[in-house]
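Structure first, then comments.
The values are calculated or read from the model by the stated rules, or taken from the named source; none is laboratory data. Note that the structure is a prediction, hence the values are computed from the model and not measured. Here the Cβ positions follow ideal geometry from the backbone for every residue, glycine too, while neighbour counts run over all protein chains shown. SASA here: full protein model, heavy atoms, side chains in, ligands and nucleic acids out. Shrake-Rupley method; radii C 1.70, N 1.55, O 1.52, S 1.80 Å.
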Amino acid sequence: MNAVRVLIVDDDPLVRAGLSMILSGDEEVSVVGQAADGADVPEAVARWAPDVVLMDIRMPKVDGLAATEALRRQPGAPEVLVLTTFDADEFVLRALRAGASGFLLKDTPPGQIRAAVLKVAQGEAMLSPSVTRQLIAHVAGGAPPERGRSAEMLGMLSVREREVALAVAQGCSNAEISTELRMSVATVKAHVSRVLTKLDLNNRVQVALLVHDAGLA
C-alpha cells in the first residue's frame, strides 16, 4: 500500500515543522511538501500531487478558505483538512461547505492527526458527533428558502440513499451505517457515492450540512 501523500499549508514555520515531524517516519503517511500561503497551493499541488492537504485558515495573502474553494473545484483534487485554533467557527463552516473533509485543532494530539489524515484519504469525514452538533448550531437558523431548496435536493434520493444521507449527517462511519442499516460496507460506499453524484457534492461533510440545512437532523 502506498503512503498517503500530505501537503502542509501554514504561514507559521513552527507549525509546519511540528506537523512535518509528527507525520514523518510513518510508513503510512509521507509529507511531500510545504507551503506558507494559500497563494502557493495550486503550484504546490501540481508539483507534489498530494492525497491530503493540511490547510491553515488564516494566512496573509490568500486564506485557507479561498484556497480550499479554488482547489476543490479542480478535477481530481486532493482532500482538505482544515487547521484551526477555534473549533466550529464561521470560517471552518465555510471551508466545510467549500469541500473540506473536516478540520483539526492545532493542539490535536499527534496520533489523532495521523489518524485523521488516513481517514480522509479513504474518503471518510473527519467530524466527530460532538463537532457535528456544534456545526448544527451554526446552520439550524437557516432561512426558509434555503431550507426548502435543501429539502428539494434530498427529494432526488431514493429511500435507501436518504437513509444513508441521514446517517452520514449524524457523523456515522461506513462501518456504523453498515450495522445500523444492515447492509454491507461495500453497499454503503456505493450508496454514498450515488448520493454525492446525485446531489453534485464533493464529500460526506457537504451531505451532512445539506441534511442539516433541510432541518432533517
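Of note:
- Gap separating the Cα centres of region 167-217 and region 49-109, nearest whole Å: 21
- Taking the longest Cα principal axis of the chain as reference, the axis of helix 13-23 is set at about 70 degrees.
- Overall dimensions of the chain, expressed as equivalent-ellipsoid semi-axes from the Cα gyration tensor (√(5λ), whole Å, largest first), are 29, 19, 15.
- Principal axis box of region 142-210, alpha-carbon based, largest edge first, Å: 36, 21, 19
- The accessible-area ordering, largest first, of the residues S20, S150 stands as S20, S150, per a 1.4 angstrom probe.
- Average Cα contact separation per residue, the chain, under 8 Å, 6 or more apart, as relative contact order %: 17
- Radius ratio Rg over Rh of region 1-80, counting only Cα atoms, Kirkwood formula for Rh: 0.95
- Built amide H within the under 5 Å cut-off of A35, gap 5+: I8, V9, D10
- Of all DSSP bridge pairs formed entirely within the chain, close to 5 percent run antiparallel.
- Fraction of accessible area attributable to carbon and sulfur, the chain (%, probe 1.4 Å): 53
- Under 21 Å from K198, Cα to Cα: lysines that are on another chain or at least 8 residues apart: K189
- GNM on the chain, alpha-carbon springs under 10 angstrom: the most fluctuating residue among A17, A70, A36 is A17.
- Solvent-accessible area per residue, Å², over the chain with all protein chains present [probe radius 1.4 Å]: 49
- 3J(HN,Hα) couplings calculated from phi for region 200-212 with the Karplus curve 6.51 cos²θ - 1.76 cosθ + 1.60 (θ = phi - 60°) are, in sequence order, 6, 10, 8, 7, 5, 4, 5, 4, 4, 5, 5, 4, 5 Hz; Gly and Pro show x.
- Listed values for region 168-179 are Karplus-derived 3J(HN,Hα) couplings in whole Hz (6.51 cos²θ - 1.76 cosθ + 1.60, θ = phi - 60°), namely 4, 5, 8, x, 7, 7, 4, 5, 5, 5, 4, 5, and x replaces Gly and Pro.
- Proximity of backbone amide H atoms, modeled 1.01 Å from N, is registered between V4 and V29, S30 at under 5 Å, excluding neighbours fewer than 5 places apart on the same chain.
- Mean Cβ count within 10 Å, highest first, over the residues of peptides 152-159, 191-198, 164-171: 164-171, 191-198, 152-159
- Multiplying the residue separation of R73 and R182 by 0.36 nm and removing their Cα-Cα distance gives an extension gain of 35.8 nm.
- Unit charges at the beta carbon, dipole of region 1-42: most positive-side option, G25, V9, A39: G25
- Degrees separating the helix 129-139 axis from the principal Cα axis of the chain, which is the longest one: 70
- Summing charges over neighbours of I22, with a neighbour being any other residue whose Cβ is under 14 Å away from its Cβ, gives -1 when K and R count +1 and D and E count -1.
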